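The values are calculated or read from the model by the stated rules, or taken from the named source; none is laboratory data. On a predicted model such as this, the values are computed, not experimentally measured, just so you know. Neighbour counts are summed over all protein chains in view; Cβ atoms, including those assigned to glycine, are modelled from backbone coordinates with ideal geometry.
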Amino acid sequence: MESEVLGRIAPNSTPVQAEMIAYAGVVPKVGDYVVVDSEESKLLGMISNVVRGALELARNDLLQANYYDTILEVVGSPSDWLKATIRMIGILSGGELTGLPRAPPPTGALVRRAPADLLRRIFAPPTGREGIRLGKLLTRGDVTVHLDPDELISRHLAVLAVTGGGKSNSVAVILEEIVRMGGVAILFDVHSEYTGMSLGCPHCEVETVDPVLDPNTLTVDELGSLLGVTYDSAPKQFIYLKSAFKRAKELLIRERLGEYLTRAEIEADRDDLLAGIQAIIQLSLSREKESDDRFLIPFPSNDRGSIESLLAKVDFVRSKYGRVLKPTAGELADHLNYGKLVIVDLGQLDSDLTDVVVGKTLYTILMRAKLKRIGRGYEDFPTPVFAVLEEAHALIPSIERTYTSSAAASIAKEGRKFGVGLCLVSQRPKRLNPDVLSQMVNKIILRVVEPEDQAYVRRATEFLSEEMVSYLPSLDVGEAVVVGPMVRIPALVKVRLFEGKRGGESLKAYDMWREGLRRRLNASPDEYYDSIGG
């Protein structure tokens, strides 16, 4: 019998799923591809589950292992049988793949292992273009899997796995491939995992930038998010903030903002909009009597407490975030370019500031891409842009609305029209905003252990069967289920190792302790404790 022949279709198959009884000695593997021969057509399927049994041990009353011993002493090796569940992928016609069959395969139809050359054609890059080389099929080490960059950008991506499952390596591989093609990418690095990253291609550029916010470019809503003053949470303070914002903007345009900073005795750049807002609120509270000064805010006496609280928040934010709030610093989006990866190092920021920095940058990228597309400016803005959000469950949580989640939702809905792709990376899928995650049509799902996370991933992924979900905890590091239009058919993939240099690898505790002990023993006590700040 030919080695590629696996078995035959068992009764009770459907157009989307069938069971195969394997020939003796054949062991089907989960994730492998098969071709079902029938008189009408050839069908491509994927093995999603395998069950093994033995004819001699199939009785339900064999309730002790001793009974197995007795039977095996008589029969010797049992007559094993294997039954595989096959999920139908499509009809093969002239080597091309079309839609699902409308009728189930006939009982007894022959099942063969899919030829490697067929799979290579299916997972090859789009005709005439390059693809993103992700790795090899888990069950076919001779078949390379490429992702379609057009579908990756237009339909977005989620990379999901437990810590240590291979998320960061997968992201690094994809980013390197995008930049190698001349693509534009920005990575929001929440835990400074990618600091010091370098790519292996000659023309690829990586720039790690400090997160800065130009207060002069903030909208009143963005400023309110930074201050914790929104119309929903503090409507009265937000109204006064909006009034001060409008007055400070006008003074800035008239180049008179410095006058109010001087009157309020605030030391700041004369073009610092946020400092100007503080000055206007402060001078309004001091009840200066200039009758013709329309730039001070009138208010009734019973609102004084709200305005004083607003002033305190502005002063606190300027003091706390002074190193990040830099007038005339420009936008992080200004750093984007073709063949370049921009890494925004957010490791030293708190969650509130991180939210505003990421949300504002995403909105800026989308706005510029829109204006470019409709011919209203930013003709030289590099697009399409691929934006990656590490620790996405913290930035786009399921239980609260953040500024980043609003920006991400806008990109998820509109990005494909204007050339902005989004990638969410998370080890806790159930904590992600479900509306945003559902629009990440492409998914790379590595090892996922927690049952609630598995169920969440299953609900958010069309092709992922219950059987394949059950395999997620057993995936090894770097092994992934890959689904979505970026691949022509779902795949189990061994993601290749990133070939460049990536910072943020796990600490080597043993080596660091031994080196520290060596230094301590080789130095005098005074020298050693001085060196560690003791």
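Of note:
- When the stretch 382-404 is filtered for residues that are small (Gly, Ala, Ser) and modelled with pLDDT of 95 or more, only Ala387 remains.
- Test: residue in the stretch 365-379 that is at pLDDT below 95, of a type in the set (Phe, Trp, Tyr), in contact with an Asp or Glu (Cβ under 8 Å, 6 or more places away or on another chain) and in the same structural domain as Gly196 (by TED's automatic domain parsing): no
- Any hit, the stretch 481-499, residues being at pLDDT below 90, surrounded by 10 or more Cβ atoms within 10 Å (Cβ to Cβ), part of a strand (DSSP E or B) and in contact with a helix residue (DSSP H, G or I) (Cβ under 7 Å, 6 or more places away or on another chain): yes
- Test result for Ser198, among the polar types (S, T, N, Q) and crowded, with 22+ Cβ neighbours inside 10 Å: no
- A count restricted to the stretch 208-252 and to residues that are among the hydrophobic types (A, V, I, L, M, F, W, C), surrounded by 19 or more Cβ atoms within 10 Å (Cβ to Cβ) and not in a strand (DSSP E or B) stands at 12.
- Among residues of the stretch 223-235 that are in contact (Cβ under 8 Å) with a residue 12 or more places away in the chain, those with a Cβ under 7 angstrom from a residue that is of a type in the set (Lys, Arg), sequence gap 6+ or separate chain, pair up as Leu227/Lys313; Gly228/Lys313; Val229/Lys313.
Yes or no, residue by residue, for (1) hydroxyl-bearing (Ser, Thr, Tyr); (2) at positive phi; (3) part of a loop (DSSP other than H, G, I, E, B); (4) surrounded by 13 or more Cβ atoms within 10 Å (Cβ to Cβ):
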{"site": "Leu6", "(1), (2), (3), (4)": "no, no, no, yes"}
{"site": "Pro11", "(1), (2), (3), (4)": "no, no, yes, no"}
{"site": "Pro15", "(1), (2), (3), (4)": "no, no, yes, yes"}
{"site": "Met20", "(1), (2), (3), (4)": "no, no, no, yes"}
{"site": "Pro28", "(1), (2), (3), (4)": "no, no, yes, yes"}
{"site": "Val35", "(1), (2), (3), (4)": "no, no, no, yes"}
{"site": "Leu44", "(1), (2), (3), (4)": "no, no, no, yes"}
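- Count of the stretch 160-212 residues which are aromatic (Phe, Trp, Tyr) and either closer than 24 Å to Gly128 by Cβ or at pLDDT below 90 (or both): 1
- Hey, Lys83 modelled with pLDDT of 90 or more, closer than 25 Å to Leu55 by Cα and either of a type in the set (D, E, K, R) or in contact with a Pro (Cβ under 7 Å, 6 or more places away or on another chain) (or both) or not: yes
- Ile396 vs. criteria in contact (Cβ under 8 Å) with a residue 60 or more places away in the chain, buried (at least 21 other Cβ atoms within 10 Å of the Cβ) and either assigned by TED's automatic domain parsing to the domain that holds Asp221 or in contact with a strand residue (DSSP E or B) (Cβ under 9 Å, 6 or more places away or on another chain) (or both): no
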